[in-house]
Amino acid sequence: MTDDNKPQPSSGADDGLPGAVPDATPETATVDTRAAPSAANASAPALASGSFSARHEALLTEFAVEYLRDRRSDRRWRSFFRLAWLLFLVVVAWTLFEQYRHVAPPNTPHTAMVEVRGEIAEDSEASAELILSAVRSAFEDNSAQAIVLRINSPGGSPVQAGIVYDEIKRLKAKHGKKVYAVVEEICASGAYYIAASADEIYVDKASVVGSIGVLMDGFGFTGLMDKLGVERRLLTAGENKGMLDPFSPLSAKQRGYAQSMLDQIHRQFIAVVREGRGKRLKETPEIFSGLFWNGEEAVKLGLADDFGSIDYVAREIIKAEDVVDYTPRDNVAERLAKRFGAAMGAGAVKAMRNLSAIH
């Protein structure tokens, strides 16, 4: 056989069979492989720049949102304070209008009522100033047939009670009108001092009446200070200037002086009760001892005249069933003004603190 019949090597390109990769292919692959890192390196700054821009945009958006929220909050607060000041001015104007508006008293016959309620003291609702302003108005009103003191008080200052007592006696003599006292729950001590100025006293069977006495109370801490080793250093100019100081001992001389003062005020109280009640009073050893009684016993002892409410006295005794309250009171506008003013003051302080914290 000749060599022509031997099989010849073939690259496989013509018959479609897989063969070796041409020389150009490795060179191309090598070039592409080397170029890939260069492309990645070139795109890294672009990606970093895009990420920075996205973060910057997000920060700007957040800042804008917060700024708009603060602006809206500021507008709301400004609107609130403007409205609050407007309401405040309206309330003040209403208060002034109510205070100075002339209210004509009723021109029909009626019973004038004045309340004596709570502790009798200078700064209380039962101060001599407030009680007497109402009492004078009632005496000066020709339509008021008589004055009724509606009492519900445990007592208080003998000075305030004495001022009311003396002035009521003077007004009674001047205007010729009668005064009645009607006791609700309690009429004790200084309250009974005032009630003694009335022509007649009416109570409920269970009312508490009496306590005709005077007291002065306090505390002494000298023994406790000795146990604790505490020294009281009190310098005075005057032997008795530090009298009744709770941190200093009370001498027998000072105690006697205080007791004599209380006894003198007690004698004044007794004289007022005797003057007001006259022969109706059935004196016993206990009547001026500071004891108190219920209404039923008070009538028996002559501390009160009879049982009855204010309606009963107005209808059956005074014969003027219509009861008009002369007691001075804070009107609604005044109470609102006080509360609103306090609220506005607190809001202003809070706002100033917030501004200080911001700056």
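Glu129 versus (1) touching a residue at least 24 places away in the same chain (Cβ under 8 Å); (2) surrounded by fewer than 23 Cβ atoms within 10 Å (Cβ to Cβ); (3) not in a strand (DSSP E or B): which is the lone unmet condition? The number of the failed condition is (1). Answer yes or no as to whether Val324 is at negative phi and either in contact with a Ser or Thr (Cβ under 8 Å, 6 or more places away or on another chain) or in a strand (DSSP E or B) (or both). The answer is yes for Val324. Of the residues making up segment 290-325, just one is among the hydroxyl-bearing types (Ser, Thr, Tyr) and either touching a helix residue (DSSP H, G or I) at 6+ places or on another chain (Cβ under 6 Å) or open to solvent by 70 Å² or more (accessible area, probe 1.4 Å) (or both), namely Tyr312.
Scan segment 247-285 for residues that are among the charged types (D, E, K, R) and closer than 30 Å to Leu228 by Cβ and the total you get is 2.
Scanning segment 212-232 for residues that are assigned to a loop (DSSP other than H, G, I, E, B) and open to solvent by 30 Å² or more (accessible area, probe 1.4 Å) gives Val214, Leu215, Met216, Asp217, Gly218, Phe219, Gly220, Phe221, Gly229, Val230, Glu231, Arg232.
Set side by side, the residues Ala237, Ala252, Ala258 differ, and just one is touching a residue at least 24 places away in the same chain (Cβ under 8 Å), more than 35 Å from the chain's Cα centre (by Cα) and farther than 30 Å from Thr111 by Cβ, which is Ala258. Could you count how many residues in segment 251-260 are open to solvent by 70 Å² or more (accessible area, probe 1.4 Å) and of a type outside the set (Lys, Arg)? Final tally of qualifying residues: 3. Taking the condition of being in a helix (DSSP H, G or I) and either open to solvent by less than 30 Å² (accessible area, probe 1.4 Å) or touching a residue at least 40 places away in the same chain (Cβ under 8 Å) (or both), how many residues in segment 168-205 meet it? Number of matching residues: 8.
Looking only at residues in segment 151-167 that are open to solvent by 70 Å² or more (accessible area, probe 1.4 Å) and assigned to a helix (DSSP H, G or I), the one that is nearest to Ser197 (Cα to Cα) is Asp166.
For segment 132-147, the tally of residues that are part of a strand (DSSP E or B), open to solvent by less than 10 Å² (accessible area, probe 1.4 Å) and over 13 Å from Val116 (Cβ atoms) stands at 2. Taking the numbered list (1) within 30 Å of Arg274 (Cβ to Cβ); (2) open to solvent by 40 Å² or more (accessible area, probe 1.4 Å) in turn, Glu239 passes all entries but (1).
Residues in segment 286-300 that are free of Cβ contacts under 8 Å to residues at least 40 places away in the same chain and either outside any helix (DSSP H, G or I) or hydrophobic (A, V, I, L, M, F, W, C) (or both): Glu286 alone.
The values are calculated or read from the model by the stated rules, or taken from the named source; none is laboratory data. Fair warning: this is a prediction, and the values are worked out from it, not measured in the lab. Every residue, glycine as well, gets a Cβ built from its backbone with ideal geometry; the counts of neighbours run over all protein chains shown. Just the protein is used for accessible areas: all its heavy atoms, side chains included, with ligands, DNA and RNA removed. Shrake-Rupley method; radii C 1.70, N 1.55, O 1.52, S 1.80 Å.
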